[in-house]
Amino acid sequence: MCRKTLLIAIAALSVCTMMACGSKDSSKDNENVGSSQVADAADEMTDDEEDAPKTKEGVIAMLKEAYDDVNIIYGPRDEDDLEPNIDLFGMYCSKSFRELIDQVREIEAKKDSEDDYFFTDWNALWHFWDEGTVTPKDFDVQVDGDTADATFELVHGNDKATQAVSLVYEDGQWRVNDWLQRGMDALSKVEEMKEYIENNK
């Protein structure tokens, strides 16, 4: 009788031990899965917030991304579609360039006629034609520390136009800092805006 009771007690103890071990292992597995998921999420966040490389490739990647958004604005859409609410200058231009734009817009807002406006469609700096998609290609990029110059072709159907910009690296990203007109005039949009602001004080 005592022996039988002893055997039952040993069997019960064994079952409890097995259940405890199983529970512990299961908890450990869950812990590992949770840690893995958290690590993956952290990696994704890190990737999303990663600084752009200070390289030619970094400049080209930024410009291609910008022109993807340009094509959303100028690309084909149905008559009932709302105009895309994309701020090209806020997303892809430097702080100093945006400050100049704001000053110019303040001056323009006080004018009686749009004919007097310095520049009525800022997006036209990105796109020379009335509508349709454009493709940037044949990039020539020179990087010097936190600044860069980029010249490239914009292809619009059978038409081509040369686009030249200077860029600055700020807040971990490349941003357009000026539009440059190559050739004899060598016009700088920044210089044009500064002159316009000075003449309209």
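The values are calculated or read from the model by the stated rules, or taken from the named source; none is laboratory data. Small disclaimer: the values here were computed from a predicted structure and weren't measured. Ideal geometry is used to build each Cβ from the backbone, glycine not excepted, and the neighbour counts take in all protein chains shown. Quick note on the areas: whole protein, heavy atoms, side chains included, nothing else; ligands and nucleic acids left out. Shrake-Rupley method; radii C 1.70, N 1.55, O 1.52, S 1.80 Å.
All other residues whose Cβ lies under 9 angstrom from that of VAL141 are scored, Lys and Arg at +1 and Asp and Glu at -1, for a net of -2. Protein heavy-atom surface of region 46-180, 1.4 angstrom probe: 40% of the accessible area is carbon and sulfur, with nucleic acids and ligands not counted. Principal axis analysis of the Cα atoms in region 139-201 yields extents of 41, 33, 21 Å, listed in decreasing size. Remark: spin-label model distance GLU198-ASP102 equals 2.2 nm, labels positioned 7 Å along the Cα→Cβ axis. Holding the Cα-Cα limit at 32 Å, pick out from LYS110/LYS160; LYS95/LYS137; LYS110/LYS137; LYS56/LYS160; LYS64/LYS201; LYS111/LYS137 the pairs that are longer than that. Table pairs above 32 Å Cα-Cα are LYS110/LYS160; LYS110/LYS137; LYS64/LYS201; LYS111/LYS137.
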